[in-house]
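Below is one structure; the comments refer to it alone.
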Amino acid sequence: MIRTRAPSVSIQTQGRQDMAGSSLASQVPSERLPELLARVSAGETRAFAELHTLTRDRLRRIALAVGSPPHEVDDILQETFLKIWRKADRFDPERAPAMAWMAAIVRNTAIDHRRTRRQATYELNEALLVPAGAGPSSSEDFDYASAEPIARGALARLPEDRRKLVALAYLEGESRASLSRRFGVPVGTIKTWLHRTILAVRKDCLAASAAA
């Protein structure tokens, strides 16, 4: 059975947690989780909702433990539960406990977020560091005053939606998952748009610098 989207009501990790659900999560034995994952693999939305309620607090703590910024944890958890929904049929209780399997997913998702953030910062810096032709080669002597209006002009010439995308991703630090929901396209499409836009900005900057 092919499933591409988890039930949205089940994966919304709000700041206000349901107290009864949190209490239940601390009392339910781990033996309950493999049963729920088996039912999730069959597409049972009620089982997914229960699994989410029982594990969200523990997975949140794991995401924070690996160094995720608190403001990104909700996005990380949403991606994690989407992966759990899509990959539940791959869970093998003979190989690992259910909680360990889910913990690995949230840990890897959190690490991917950190890697993406570092790459995003690098890409933006690369785009804005416009060579000054035959001028100084040392980064300490780089003429940022001259480069800034060139970079701003290149950004201003972008289509409005791409300019907004770049600002949200690189200036406001919005995650790829959040941008995916905002623009209504897959995360992979967001990454492609950002990559192509940065390349376009860099090319525009180089052309403007050469013409100056």
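Quick note: the coordinates plus some simple rules give every number you see, no bench work behind them. As the structure is a prediction and not an experimental result, all values here were calculated from the model. FYI the Cβ positions are ideal-geometry reconstructions off the backbone, even for glycines, and counts take in every protein chain you see.
So here's what we get for this one:
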{"item": "Computed FRET value (nearest 0.05) for Leu64 with Ala200, which takes r as the C-beta separation and R₀ as 35 Å", "result": "0.45"}
{"item": "Partner lysines for Lys164 [C-alpha distance under 23 Å; skip if fewer than 8 residues away on the same chain]", "result": "Lys191, Lys203"}
{"item": "Estimated FRET transfer efficiency when R0 is 41 angstrom, pair Glu44-His71 (beta carbons, to 0.05)", "result": "0.80"}
{"item": "Cα convex hull volume per residue for segment 150-212 (Å³)", "result": "66 Å³"}
{"item": "Derived scalar couplings ³J(HN,Hα) [segment 56-67; Karplus, 6.51 cos²θ - 1.76 cosθ + 1.60; whole Hz; x for Gly, Pro]", "result": "4, 5, 5, 5, 4, 5, 5, 4, 5, 5, 8, x"}
{"item": "In sequence order, calculated HN-Hα J values of segment 69-77 (Karplus, 6.51, -1.76, 1.60; Hz; x Gly/Pro)", "result": "x, x, 6, 9, 5, 4, 5, 5, 5"}
{"item": "Full-stretch length increase - Arg90, Glu172 - with 0.36 nm per residue and alpha-carbon distance subtracted", "result": "25.9 nm"}
{"item": "Karplus 3J(HN,Hα) series, Hz, for segment 154-161 with 6.51 cos²θ - 1.76 cosθ + 1.60 (x for Gly, Pro)", "result": "5, 5, 5, 7, 5, x, 4, 5"}
